[in-house]
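The values are calculated or read from the model by the stated rules, or taken from the named source; none is laboratory data. Predicted, not measured: the structure shown is a model, and the values here were computed from it. So basically every Cβ, Gly included, is an ideal-geometry build from the backbone, and we count neighbours across all protein chains shown.
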Amino acid sequence: MSVTARQRPRFIAVEGPIGVGKTTLTRRLAATFEAELVLEKAEDNPFLPRFYAEPARYAFATQLHFLFQRLEQIEQARQADLFQPARIADFLMDKDRLFAKVALEPAEYALYEQIYARVTVQAPVPDLVIYLQAPVPVLLGRIERRAIDYEQRIAPEYLARLCAAYVEFFYYYDLAPTLIVNAEEINFADDDAHYRSLLEEIDKGVVGKHYFNPSVTG
């Protein structure tokens, strides 16, 4: 039996590598659930375009900017009590260390970890995490189609390392129920059948880790 809308998770975080469709799904879920929309602000990071052009030079500055940006979002949410009503976010706070480990040199990462340990706060834990997966060639195709200029410089090798880091992270992640979605052939933006099948899966209630492939759902 499906749960009612009132019983749906009050805090959902959508995660996955660059180009997998996190923000698109987050926006649609927020509209459906009439929830607060909490989005990562990549466009506000002045170092990000430079990072994709010169990763070694700008990785540390890029990661620090994202770290403090996320901390500010959490603090603003606490002050405004945004985490009391239902909300949908397109990031986990935990992702910052994941990206840092992929992007930074060992010495930089060690310094980053020291900073992280001193400044990070206890982020609210989601009631549900939706982790979207797709192969690197699919991600590269989507990145190309959405035509954000600086993203066209993303190296396939970097994206492959990032995907591997996500797989490892969610293998051990156990703070919240996690719906792992095969997003290779789905279109949550325009395909209502795919989107409805995801809503039905959410309404069943997710316990632990659960794998879901909308493309083969009949």
### Task
Name every residue in segment 187-215 that is in contact (Cβ under 8 Å) with a residue 60 or more places away in the chain, under 28 Å from L175 (Cβ atoms) and either assigned to a loop (DSSP other than H, G, I, E, B) or of a type outside the set (A, V, I, L, M) (or both), in order of residue number.
F188, Y195, E200, D203, K204, G205, V206
### Task
For segment 197-211, indicate whether the set of residues that are within 15 Å of the chain's Cα centre (by Cα) and of a type in the set (D, E) is non-empty.
no
### Query
Taking segment 99-142 on its own, how many of its residues are within 22 Å of A61 (Cβ to Cβ) and surrounded by fewer than 17 Cβ atoms within 10 Å (Cβ to Cβ)?
14
### Task
Would you point out which residue out of R196, R145 is at pLDDT below 95 and within 22 Å of I12 (Cβ to Cβ)?
R196
### Members of segment 142-160 that are more than 19 Å from the chain's Cα centre (by Cα) and among the basic types (K, R)
R145, R153
### Query
Inside segment 185-196, can you point out the residues that are among the small types (G, A, S) and either more than 18 Å from the chain's Cα centre (by Cα) or over 21 Å from G19 (Cα atoms) (or both)?
A193
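May I ask you to verify whether R145 is surrounded by fewer than 17 Cβ atoms within 10 Å (Cβ to Cβ), charged (D, E, K, R) and under 20 Å from N45 (Cβ atoms)?
No.
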### Task
Identify, by number, the condition in (1) modelled with pLDDT of 85 or more; (2) more than 30 Å from I202 (Cβ to Cβ); (3) surrounded by 13 or more Cβ atoms within 10 Å (Cβ to Cβ) that Y150 doesn't meet.
(1)
### Task
Could you grab me the full set of residues in segment 102-124 that are in contact with a Phe, Trp or Tyr (Cβ under 8 Å, 6 or more places away or on another chain) and closer than 28 Å to L37 by Cβ?
V102, A103, V119, P124
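Could you say which residue among F47, F66 is touching a His at 6+ places or on another chain (Cβ under 8 Å), under 27 Å from Q122 (Cα atoms) and modelled with pLDDT of 90 or more? Don't jump to the end; show me each part of the working.
On the way: F66 fails: touching a His at 6+ places or on another chain (Cβ under 8 Å).
Step by step, each of F47, F66 is checked, and only F47 is touching a His at 6+ places or on another chain (Cβ under 8 Å), under 27 Å from Q122 (Cα atoms) and modelled with pLDDT of 90 or more.
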